[in-house]
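Every number here is computed from the coordinates shown, using simple stated rules; none is lab data. Bear in mind the structure is a predicted one, so any value in this text is a computation, not a measurement. So basically every Cβ, Gly included, is an ideal-geometry build from the backbone, and we count neighbours across all protein chains shown.
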Amino acid sequence: MAKKPVPCIKCGGTNIVIGDCNYSAFNYFQAICTDCKHEVSGQCGTFPKMDMMVGSWNNENDPNKIVKGYNKAIKELEGKIAALKQKIVETKFWGDI
């Protein structure tokens, strides 16, 4: 059974147009919500399968995957903030001497 595109994460629209550019070596696909123009695109190879293109749209519009990505980014930023705070402490220490 063929995959069906999930609703658009931006507007909830279900009118999703999916296709490829029909290039040979550098073929790209594009999926666009016709309601809000939200777009997902990427390389898809010479003979793309619709299930692969729909799967890419679905991955980019899956709230659980988006939240997981945001949580990963938050964790990375928290590590960078902690490192910067440590540099501030070290700078203040050396500035007091």
Problem - Partnerless Cys - the chain, beta-carbon criterion under 4.7 Å - result: CYS21, CYS44
Completion exercise
Out of MET52, PRO5, ASN71 - ranked by how far each Cα lies towards the positive end of the dipole of the chain, with unit charges on the beta-carbon of charged residues - the top one is ASN71
Problem - Alpha-carbon centroids, the stretch 24-97 and the stretch 4-20: separation in whole Å - result: 19
Practice task
Measure nothing but the geometry: give the 0 to 90° angle between the long axis through the Cα atoms of 63-95 and the longest principal axis through the Cα atoms of the chain, rounded to 10°.
Solution key: 20
Handout entry: lysines whose Cα lies under 25 Å from that of LYS80, excluding same-chain neighbours fewer than 8 positions away
Key = LYS65, LYS68, LYS72, LYS92
Completion exercise
From fewest to most C-beta neighbours within 10 Å, the residues TYR23, TYR28 line up as TYR23, TYR28
Exercise for the section: Would you work out the charge dipole size for the chain about its Cα centre, treating the Cβ of every Lys and Arg as +1 and the Cβ of every Asp and Glu as -1, and quote it to the nearest 20 debye? Expected result: 220
Handout entry: Extension gain (nm, one decimal) between ASN71 and ALA83, 0.36 nm per residue minus Cα-Cα
Key = 2.5 nm
Practice task
Could you pull out every one of the lysines with an alpha carbon less than 19 Å from that of LYS85, ignoring same-chain neighbours closer than 8 positions?
Solution key: LYS75
Practice task
Tell me which label goes with the value of Kirkwood radius over Cα pairs in Å computed from the coordinates here: (i) 13.9; (ii) 16.3; (iii) 14.9.
Solution key: (ii)
